[in-house]
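Visitor: Sharing a structure, written as structure tokens. Questions coming.
The values are calculated or read from the model by the stated rules, or taken from the named source; none is laboratory data. It should be emphasised that the depicted structure is a prediction, and the values quoted were computed from it without experimental measurement. FYI the Cβ positions are ideal-geometry reconstructions off the backbone, even for glycines, and counts take in every protein chain you see. With ligands, DNA and RNA removed, areas are computed over all heavy atoms of the protein, side chains included. Shrake-Rupley method; radii C 1.70, N 1.55, O 1.52, S 1.80 Å.
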Amino acid sequence: MKLASLKSGRDGRLVVVSDDLAWCVDASSVAPSLQRALDTWAESEGRLRELAAALGRGEGAKEPFSEEACSSPLPRAYQWADGSAYVNHVALVRKARKAEMPESFWTDPLMYQGGSDIFLAPRDPIPLADEGWGCDLEGEVAVIVGDVRQGATREEALAAIRLVMLVNDVSLRNLIPAELAKGFGFFQSKPASAFSPVAVTPDTLGDAWKDGKLHRVLDVSLNGMPFGKANAGVDMTFDFGTLVAHAAKTRDLAAGSIIGSGTVSNRDEGGGPGRPIAAGGHGYSCIAEVRTVETILSGAPITPFLRRGDRVRIEMRDDAGRSIFGAIDQTVAAPTR
């Protein structure tokens, strides 16, 4: 089952989307918003699946589905917590900051709590007030959970995953070192993120959803050129069950909480830090990583951070080449007042 929120008020209008992303059907008879559906999942899931089945059979009223008309599936959320499940990415970024890599990072997930009061729509511009802040894209996978009790096991956490989607977790890299030096974490360096137009139930992903990981290639392009093709199921040190359980170690998680994977990152087959696509590698899901590799290889970064006018596209496809979640497709622009 695929769900989306069309732009309408603060929380959007819930629709069920066809598998090919061509059509949708209004789901307000079940729940006015995705958050409401998640709050009442025991009652709403079956009714939403009935709408999805009818849509698949070509029955009932339907309307063309437009990714441009979508907000993020949850235009705002009670919680957005982003992990760093791909420790290869963490190691490279810390190396760029000349920060040591504690051994515990391989056994205990990193996680930060991001702003969730406003998310960018998947086709909204990325507002950038100052290019000197070092704006970066971060292609990720995220899950939306139902209620999770404090102290939940990995298996209980996996069972609580309701939906899967993609993320562009925007980062302002040049603001990060000073914030972390204060010893109190990210804030100004983590502006609003954007999520894919569509969120899907894990069963819809078939064999690609296995052991709490999404085993598909994340396509990232920058200004129309291939930038990253890392497999989200490879080199993921901590699966989503582990990440959700980590978030719930000391607190309950409310239905509608979003947990992110962190930047998808693959090591090179030869064990190196990864090569660009043009050199036969998997490329990168963020600019900071390629800048680190450039520094390792040539002594200095070459690729600039995002500037106004740059275009970022993040998407994932099935075996037939069809988009699964729709595309995050954003252009960097000056903020509108």
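Visitor: Just checking, does region 113-131 include any residue being modelled with pLDDT of 95 or more, in contact with an Asp or Glu (Cβ under 7 Å, 6 or more places away or on another chain) and open to solvent by less than 50 Å² (accessible area, probe 1.4 Å)?
Guide: Yes.
Visitor: Looking only at residues in region 46-76 that are in a helix (DSSP H, G or I) and in contact (Cβ under 8 Å) with a residue 40 or more places away in the chain, which one is least open to solvent (accessible area, probe 1.4 Å)?
Guide: Taking region 46-76 and keeping what is in a helix (DSSP H, G or I), we get 46-56, 67-69.
With the extra rule that they be in contact (Cβ under 8 Å) with a residue 40 or more places away in the chain, the set shrinks to 48-49, 52, 67-69.
Values: LEU48: 0, ARG49: 80, ALA52: 29, GLU67: 34, GLU68: 111, ALA69: 40 Å².
The extreme case among them is LEU48.
Visitor: Test of understanding: among ILE296, ILE287, which residue is in contact (Cβ under 8 Å) with a residue 24 or more places away in the chain, touching a Ser or Thr at 6+ places or on another chain (Cβ under 7 Å), of a type in the set (A, V, I, L, M, F, W, C) and farther than 30 Å from ASP207 by Cβ?
Guide: Working: ILE296 fails: touching a Ser or Thr at 6+ places or on another chain (Cβ under 7 Å).
The match here is ILE287.
Visitor: Failed condition for ASP235, given (1) open to solvent by less than 10 Å² (accessible area, probe 1.4 Å); (2) at pLDDT below 95, with all others met?
Guide: (1)
Visitor: LEU175 - would you say it is buried (at least 18 other Cβ atoms within 10 Å of the Cβ) and in a strand (DSSP E or B)?
Guide: Numbers: buried (at least 18 other Cβ atoms within 10 Å of the Cβ): yes; in a strand (DSSP E or B): no.
Judged against the criteria, LEU175 is not a match.
Visitor: So is LEU21 aliphatic (A, V, I, L, M) and farther than 30 Å from ASP235 by Cα or not? Reasoning before the result, please.
Guide: On the way: aliphatic (A, V, I, L, M): yes; farther than 30 Å from ASP235 by Cα: no.
No.
Residue by residue, here is whether (1) touching a strand residue (DSSP E or B) at 6+ places or on another chain (Cβ under 7 Å); (2) modelled with pLDDT of 95 or more holds:
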| position | (1), (2) |
| --- | --- |
| PRO202 | yes, yes |
| ALA245 | no, yes |
| ALA279 | no, no |
| ARG291 | no, no |
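Visitor: Restrict the check to region 25-34 and report whether at least one residue is among the β-branched types (Val, Ile, Thr) and in a helix (DSSP H, G or I). Before you say what the answer is, go through the steps one by one.
Guide: First pass over region 25-34, keeping only residues among the β-branched types (Val, Ile, Thr): 25, 30.
Next, from what is left, pick out any that are in a helix (DSSP H, G or I): none.
Among the residues of region 25-34, not one is among the β-branched types (Val, Ile, Thr) and in a helix (DSSP H, G or I), which makes the answer no.
Visitor: Of the residues that sit in region 3-35 and are closer than 21 Å to ALA160 by Cβ and without any contact (Cβ under 8 Å) to a residue 24 or more places away in the chain, which one is most open to solvent (accessible area, probe 1.4 Å)? Step through it out loud before you land on a result.
Guide: First, pick out the residues of region 3-35 that are closer than 21 Å to ALA160 by Cβ: 3, 5, 14, 30-31, 33-35.
Those left that are additionally without any contact (Cβ under 8 Å) to a residue 24 or more places away in the chain: 14, 30-31.
Working: LEU14: 0, VAL30: 26, ALA31: 1 Å².
It comes out as VAL30.
Visitor: Also, quick follow-up: Considering only region 90-111, state which residues are surrounded by 11 or more Cβ atoms within 10 Å (Cβ to Cβ), at pLDDT 75 or above and part of a helix (DSSP H, G or I).
Guide: Within region 90-111, TRP106 is the sole residue that qualifies.
Visitor: Next question, about the same structure. Looking at region 161-184, I want the residues that are within 22 Å of PRO304 (Cβ to Cβ) and have a partner that is modelled with pLDDT of 95 or more and part of a helix (DSSP H, G or I) with Cβ atoms under 7 Å, at least 6 apart or on another chain. Which pairs are those?
Guide: Taking only residues 6 or more apart or on different chains, the pairs are LEU172/TRP133; ASN174/GLY132; ASN174/TRP133; LEU175/TRP133.
Visitor: Let me ask something else. From ASP239, ASP235, ASP207, grab the single residue that is of a type outside the set (A, V, I, L, M) and touching a Ser or Thr at 6+ places or on another chain (Cβ under 7 Å). First the steps, then the outcome.
Guide: Numbers: ASP239 fails: touching a Ser or Thr at 6+ places or on another chain (Cβ under 7 Å); ASP207 fails: touching a Ser or Thr at 6+ places or on another chain (Cβ under 7 Å).
Exactly one residue qualifies, and that residue is ASP235.
Visitor: State whether the residues of region 210-227 include one that is among the hydroxyl-bearing types (Ser, Thr, Tyr), out of contact with any Phe, Trp or Tyr (no Cβ under 9 Å at 6 or more places or on another chain) and in contact (Cβ under 8 Å) with a residue 60 or more places away in the chain.
Guide: Our first condition is that a residue be among the hydroxyl-bearing types (Ser, Thr, Tyr); within region 210-227, this holds for 221.
Among the residues that remain, those that are also out of contact with any Phe, Trp or Tyr (no Cβ under 9 Å at 6 or more places or on another chain) are: none.
Looking for residues that are among the hydroxyl-bearing types (Ser, Thr, Tyr), out of contact with any Phe, Trp or Tyr (no Cβ under 9 Å at 6 or more places or on another chain) and in contact (Cβ under 8 Å) with a residue 60 or more places away in the chain, one finds none in region 210-227, hence no.
Visitor: Here's something else I'd like to know. Within region 156-172, how many residues are more than 10 Å from VAL244 (Cα to Cα) and open to solvent by 30 Å² or more (accessible area, probe 1.4 Å)?
Guide: The first filter runs over region 156-172 and keeps only residues more than 10 Å from VAL244 (Cα to Cα), leaving 159, 162-172.
When the remaining residues are screened for being open to solvent by 30 Å² or more (accessible area, probe 1.4 Å), the result is 159, 162.
Final tally of qualifying residues: 2.
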